[in-house]
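Undergrad: Please read through the structure below; I'll follow up with questions.
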Amino acid sequence: MLKNYYGYLPYWIDTIYYQYFQMDLVSHISYFSVEIDPATGSLGLVPNQDRFLKIISDAHAAGVIVHMTFIIFGSSSVSNFLNNKTARDSAIYAMSNFISNYGIDGVNIDFEFVTGSVRDSFNLFVNGLCTTLWNHPDGRKELYLATIAVPSWY
């Protein structure tokens, strides 16, 4: 493939449908999703973990890259997290360990309502996460960001 073709796989899609996935049409699959606790940076549980494990196996067998989507929704939750260096650092550490534990290839960050007031904190988080993933002990890992398309900071 000359481009990346990125597909999200929501945790509520049953594995019986995986047989219909045309893996040759995607380069990446990101399982949706694990929540980040805004107060502490700790990660929630993988919903339907058996489905996640199956898609890792199926996708990797087909040469498809697997990511996990990590989420925080709500402007106050996002702001609380991004403005808390300890929580940011904890989340970065936890995501790095998550990658190693599951043998996946990267992460997708989906924070809803990142406002201009936390722009600098968001940049610090992304920079720290990117550095950690690029220097991951299991080899360089990928980082994708799910953001809204706006001409200036929201």
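The values are calculated or read from the model by the stated rules, or taken from the named source; none is laboratory data. Predicted, not measured: the structure shown is a model, and the values here were computed from it. With ideal geometry, Cβ positions are generated from the backbone for all residues, glycine too; neighbour counts draw on all protein chains shown. Quick note on the areas: whole protein, heavy atoms, side chains included, nothing else; ligands and nucleic acids left out. Shrake-Rupley method; radii C 1.70, N 1.55, O 1.52, S 1.80 Å.
Undergrad: Based on this model, can you work out whether L2 counts as assigned to a loop (DSSP other than H, G, I, E, B), open to solvent by 70 Å² or more (accessible area, probe 1.4 Å) and among the aliphatic types (A, V, I, L, M)?
TA: Yes; evaluated as a whole, the condition is true for this residue.
Undergrad: Another question about this same structure. Can F81 be described as open to solvent by less than 50 Å² (accessible area, probe 1.4 Å), part of a helix (DSSP H, G or I) and over 16 Å from A146 (Cβ atoms)?
TA: Here the answer is no, as F81 does not meet what is asked.
Undergrad: Which of the residues belonging to segment 98-143 are within 28 Å of A62 (Cβ to Cβ), open to solvent by less than 30 Å² (accessible area, probe 1.4 Å), touching a strand residue (DSSP E or B) at 6+ places or on another chain (Cβ under 7 Å) and outside any helix (DSSP H, G or I)?
TA: Matches in segment 98-143: I104, G106, V107, N108, I109, D110, K141.
Undergrad: OK, next. Given the condition out of contact with any Gly (no Cβ under 9 Å at 6 or more places or on another chain), of a type in the set (G, A, S) and at pLDDT 95 or above, answer yes or no: does some residue in segment 81-88 qualify? Spell out the reasoning first.
TA: Filtering segment 81-88 down to residues out of contact with any Gly (no Cβ under 9 Å at 6 or more places or on another chain) leaves 82-83, 85.
If we keep only those that are of a type in the set (G, A, S) too, we end up with none.
For segment 81-88, residues out of contact with any Gly (no Cβ under 9 Å at 6 or more places or on another chain), of a type in the set (G, A, S) and at pLDDT 95 or above: absent.
Undergrad: Report whether or not F32 is closer than 22 Å to L9 by Cα, touching a Leu at 6+ places or on another chain (Cβ under 7 Å) and at pLDDT 95 or above.
TA: When the stated conditions are applied, F32 passes them.
Undergrad: Which of the residues belonging to segment 12-70 are charged (D, E, K, R), touching a helix residue (DSSP H, G or I) at 6+ places or on another chain (Cβ under 9 Å) and assigned to a helix (DSSP H, G or I)?
TA: D50, R51, K54, D58
Undergrad: Between a residue in segment 30-51 that is closer than 23 Å to L82 by Cα and among the basic types (K, R) and any residue that is modelled with pLDDT of 95 or more and open to solvent by 40 Å² or more (accessible area, probe 1.4 Å), which pairs come within a Cβ distance under 6 Å, given they are 6 or more apart or on different chains?
TA: Note: no pairs meet the criteria.
Undergrad: Give the residues of segment 84-95 that are among the small types (G, A, S) and either assigned to a loop (DSSP other than H, G, I, E, B) or closer than 14 Å to V107 by Cβ (or both), sorted by residue number. Spell out how you get there, then give the answer.
TA: Our first condition is that a residue be among the small types (G, A, S); within segment 84-95, this holds for 87, 90-91, 94.
A91, A94 - these are the residues of segment 84-95 that are among the small types (G, A, S) and either assigned to a loop (DSSP other than H, G, I, E, B) or closer than 14 Å to V107 by Cβ (or both).
Undergrad: From D24, D14, D58, which residue is of a type outside the set (K, R) and crowded, with 16+ Cβ neighbours inside 10 Å?
TA: Selected residue: D58, the only one of D24, D14, D58 that is of a type outside the set (K, R) and crowded, with 16+ Cβ neighbours inside 10 Å.
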